[in-house]
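Enquirer: This is the structure, below, for whatever I ask next.
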Amino acid sequence: MSNLVSAMPTLSSESGLRQYLQDIQKFPILEADEEYALAKRWTEDGDYEAAHKLVTSHLRLVAKIAMGYRGYGLPVSEMIAEGNIGLMQAVKKFEPEKGFRLSTYAMWWIKAAIQEFVLKSWSIVKIGTSAAQKRLFFNLKKIRRRIDALSSASLTPDQVKYIAEELDVHESDVVDMDMRMHAVDQHLNARIQNDSESGEWGDLLADESDNQETVLSNIQEYGVKRDLMQQAMDTLNERERAILLARRLKEEPDTLEELSQRYGISRERVRQIEARALEKMTQFVANANQVTLLENKRAA
C-alpha cells in the first residue's frame, strides 16, 4: 500500500489541518456500482489506481470519525493519519461481492485504528485491554454528558449503577475507569521539589521499554489478531453480524429493546443471537489457534 500513501494528500501537522480538509473535498463520493467496479479491479487485478480512488473517496469519512475523538485532547491530524491507515487496511481486505458498501466495512477498521492510538496515547496509565474496558473508556464521557454529570468530580451510586447497566459492565469497573479518566497525569520532566534529590522525576525511573524486536513482534501479533477477528466475523450470518456490531462495537451500543423493535423479535431472542454469534466467533478463534499450534509442533 506504499503507492497509495505517496499519492494521498499530505497532513503534516495541526497547522495544515484546514488545508487538508479542503483538499480531500475534491475527491468525489462514489456511486455503488462505480465502487463495486473499482473494488473488483483492485481485488482481481491489483489495480493501484482503482485502490487509490477507493481510498481517497473515503478520506472525508476518516476525518469525520476522527473529529468525534477530539475530546481526548490528542492532535486531530495524528488521529486522521491513524484512521487513514485503518482505511487502507480495509480497502486491502474489502470483498465487494459480499454486498456491503466500503464505508460500512471500513468504518470498523478506521475506528479500531483511531481507538488503538487513543488508548496508547491518551494517558501514561494503560486504560484497558478488554473489549468491555475499551467500550467503557470510549462511552463513559458521553453517558456522563447525557446524564448531566460532567461537572461533578465523582459519580453518585445511582449514576454508577445506571452506567454499568447501560454498558453491561461491573459497577467497580465504572468507578475505576472514572477515577482514571479524571486523574491528572504527572509530567516526568517535572523538577523534583526536595532537598535530598535533584533533577527530574523521569531520572528516577528505570528504562523498561521494549526493545525493537519486541515492538515489531507486538505489531505483528496485533495484525494477526485483527485479521483473525475479521475472519471470525465472516463466519456469522448477516443478522448475527449486524446485532454483534450494534451491541459490541458501536461507540454507543444499541440496547436490547432497540434491536428487538428493529428486527421484530423479543429482547431475549436478540440476546440469544448475540450470545450465539459470540460463541461462533470464540469457537472459530479456538480452532484457528489449535491449527496454528499443530503447525508449530510439526515445524519444530
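The values are calculated or read from the model by the stated rules, or taken from the named source; none is laboratory data. Bear in mind the structure is a predicted one, so any value in this text is a computation, not a measurement. All Cβ positions, even for glycine, are placed from backbone atoms using ideal geometry, and neighbour counts span all protein chains on display.
Enquirer: Look at the stretch 247-266 and say how many of its residues are at pLDDT 85 or above and either closer than 25 Å to Leu136 by Cβ or of a type in the set (Asp, Glu) (or both).
Expert: Going residue by residue through the stretch 247-266, those that are at pLDDT 85 or above are 255-266.
With either closer than 25 Å to Leu136 by Cβ or of a type in the set (Asp, Glu) (or both) added as a condition, the list becomes 255-260, 262.
So the count comes out to 7.
Enquirer: Modelled with pLDDT under 90, in a helix (DSSP H, G or I), out of contact with any strand residue (DSSP E or B) (no Cβ under 7 Å at 6 or more places or on another chain) and not aliphatic (A, V, I, L, M): is that true of Tyr36 in this structure?
Expert: On the way: modelled with pLDDT under 90: no; in a helix (DSSP H, G or I): yes; out of contact with any strand residue (DSSP E or B) (no Cβ under 7 Å at 6 or more places or on another chain): yes; not aliphatic (A, V, I, L, M): yes.
For Tyr36, the condition - modelled with pLDDT under 90, in a helix (DSSP H, G or I), out of contact with any strand residue (DSSP E or B) (no Cβ under 7 Å at 6 or more places or on another chain) and not aliphatic (A, V, I, L, M) - is not met.
Enquirer: Something else: For the stretch 105-118, check the following and say yes or no: at least one residue is part of a helix (DSSP H, G or I), of a type in the set (S, T, N, Q) and not assigned by TED's automatic domain parsing to the domain that holds Asn139. Step through it out loud before you land on a result.
Expert: Going through the stretch 105-118, the residues part of a helix (DSSP H, G or I) turn out to be 105-118.
Filter once more, keeping what is of a type in the set (S, T, N, Q): 115.
Checking the rest, the ones that are also not assigned by TED's automatic domain parsing to the domain that holds Asn139 come to 115.
Checking the stretch 105-118: at least one residue is part of a helix (DSSP H, G or I), of a type in the set (S, T, N, Q) and not assigned by TED's automatic domain parsing to the domain that holds Asn139.
Matching residues to (1) modelled with pLDDT of 55 or more; (2) within 22 Å of Leu74 (Cβ to Cβ); (3) assigned to a loop (DSSP other than H, G, I, E, B):
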site: Ile124; (1), (2), (3): no, yes, yes
site: Phe138; (1), (2), (3): yes, yes, no
site: Asp158; (1), (2), (3): yes, no, no
site: Ser172; (1), (2), (3): yes, no, no
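Enquirer: How many residues are more than 25 Å from the chain's Cα centre (by Cα) and touching a residue at least 24 places away in the same chain (Cβ under 8 Å) if we restrict to the stretch 248-283?
Expert: Looking only at that region, the number is 1.
Enquirer: While we're looking at this one, here's another question. Restricting attention to the stretch 1-33, report how many residues are loosely packed, with under 13 Cβ neighbours inside 10 Å, at pLDDT 85 or above, under 25 Å from the mean Cα position of the chain (by Cα) and not in a helix (DSSP H, G or I).
Expert: Total meeting the criteria: 1.
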